[in-house]
Amino acid sequence: MSTVSFRGVSKHYGPTVALDGLDLEVREGEFVSLLGPSGSGKSTTLNLLAGLLDADAGEIRIGATDVTLLPPERRDVAMVFQNYALYPHLTVFENIAFPLEVRRPRPDAATIREKVERVAGLLGIAALLARYPKEISGGQQQRVALGRAMVRDPKVFLLDEPLSNLDARLRIRMRRDLKALHQALGSTIVYVTHDQSEAMTLSSRIAVFDHGRLQQYAPPAEIYDRPANAFVANFVGDRETNFLDGALEGTDGELAFVTALGRIPLGRRGSALPSRAGLRLGARPEAIGVEPAAGAELRVALAELSGADLFLTVQGRDNTEVVARADPRAVRLEPGATVRLRFDPTRLHLFDAESGAAVSHGS
Ligand SMILES: Nc1ncnc2c1ncn2[C@@H]1O[C@H](COP(=O)(O)OP(=O)(O)OP(=O)(O)O)[C@@H](O)[C@H]1O
Ligand SMILES: [Mg+2]
């Protein structure tokens, strides 16, 4: 296992800038996710690290070695792709053993067996070693592909959306297994995903990309609670963040943000915030409480029950709306009901309306 470092790494395809001046340090044993929407540069970053692409500029290091100009086979990384391909004519055992079989000098048969069995045990597929890929499930095939990477014991594992072909339940189970596996092996893992909840649960740190640029690099809780900009706030989270334009208003040092949906107390001392125009408030659905209020101006426009949560779309006079999250067992509100909103000041963010950069986060 090893550290990874990108310094000023860029890659373009013709006029398309796929990666723009990436600086990123991965510590030894870290699980780092590269998260972002389609086309944001995640796979480009991983392929540059694997040596499958050449950088236009910058330097890439694995451990102390500058690998920028090294071919893939000399970088000692193991990669698992989204469309992992197992050899159909080889058994599970032979598939996992393959990287060892082609190693020169070839390890002896007992060593190969021992390594394959250890990896298969860790992945929970020890009982399947004699089967062929077509005789096992998709999730089990996925584990075999992981096993084939693990058996090499590389400096760094590179995983590009390895769970995306699995159904939702299996993905969550594999996610848990991957996390346990990482804890058991202590390996350095760079993991590409566009699934924010996958990145949240797996990672020690998340690197959020948009348009080839690193937007924020921090532990999951910090990404969630202190997003660097409006893009990160919106992309990370099960639901979109609500954004409201408005103006700061201070009375007795107690600040509020005045919006089309009313006056939202920020619960902060005036000195904590720059008095300035051009701000936008960001509030996740769970930062907004809803209660019935006879004769109020706000109305429920839509009520969506999703198992444990009730998401309420609440509309103001000028059709400005926000989505709030409520407990369906505590709150019974139908479309048309008039309501009052309570914004939790500790969970509100202010962004520069123009650039999207965060200006302040809830106390
Ligand atoms: N071989 C290529 N030729 C031209 N443009 C490319 C090539 N590969 C990638 N790109 C472009 O580079 C940008 C980054 O692509 P990349 O594959 O890194 O995105 P990604 O974040 O992995 O997206 P996805 O989630 O869809 O896999 C995109 O605009 C993409 O269209
Ligand atoms: Mg990709």
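Observations on the model:
- With Cα atoms defining each centre, the stretch 108-143 and the stretch 40-100 are spaced 21 Å apart in the structure.
- Ranked list, fewest to most other Cβ atoms within 10 Å of each Cβ, for HIS194, HIS12: HIS12, HIS194
- Net charge of neighbours whose Cβ lies under 15 Å from the Cβ of ALA303, counting Lys and Arg as +1 and Asp and Glu as -1: -1
- Counting only lysines at least 8 places from LYS42 when in the same chain, those with an alpha carbon closer than 29 Å to its own are LYS11, LYS155, LYS179.
- With both residues required to sit in the chain, DSSP beta bridges show an antiparallel share near 80%.
- Each of MET150, MET174 was scored by other Cβ atoms within 10 Å of its Cβ. Arranged with the fewest first, they read MET174, MET150.
- Amide H partners (placed H, <5 Å) of THR3, local residues excluded: GLY63
- Cα gyration tensor, the stretch 48-199 - rounded (a/c under 1.5), prolate or oblate: oblate
- Modelled FRET efficiency - R0 25 Å, ALA357 with ALA247, Cβ distances, 0.05 increments: 0.85
- Rough spin-label spacing in nm, given labels placed 7 Å along Cα→Cβ, for GLU334 and GLU101: 6.7
- Kirkwood Rh and Cα Rg combined as Rg/Rh, the stretch 170-236: 0.99
- Note, ³J(HN,Hα) from phi for the stretch 195-204, Karplus 6.51, -1.76, 1.60, rounded to Hz, x at Gly and Pro: 9, 5, 6, 4, 4, 4, 6, 8, 8, 7
- Straight-distance crosslink candidates among aspartates and glutamates, where the alpha carbon sits under 20 Å from LYS115 and sequence neighbours closer than 8 are dropped: ASP76, GLU94, GLU101, ASP153, ASP177
- Nearest 10 degrees, 0 to 90: helix 168-185 Cα axis against the chain principal axis: 60
- Most mobile listed residue (LEU158, LEU348, LEU166) in the chain, GNM with C-alpha springs under 10 Å: LEU166
- Residue of ARG329, ARG280, ARG152 that the Gaussian network model of the chain assigns the largest fluctuation, springs spanning Cα pairs under 10 Å: ARG329
- Extension gain for LEU170 to LYS134 (0.36 nm times residue separation, less C-alpha to C-alpha distance): 11.2 nm.
- Check: the chain dipole with +1 on Lys, Arg Cβ and -1 on Asp, Glu Cβ, in debye: 880
- Global form of the stretch 1-40, assessed from the alpha-carbon gyration tensor, a/c cut-off 1.5: oblate
- Extended-chain gain in nm, criterion 0.36 nm per residue less alpha-carbon gap, LEU70 and ASP225: 51.9 nm
Readers should treat all values here as calculations from the given coordinates under stated rules, not as data from a laboratory. This one's a predicted model, so the numbers in the text were calculated from it and none came from an experiment. Glycine also receives a Cβ, built like all others from the backbone with ideal geometry; neighbour counts cover every protein chain displayed.
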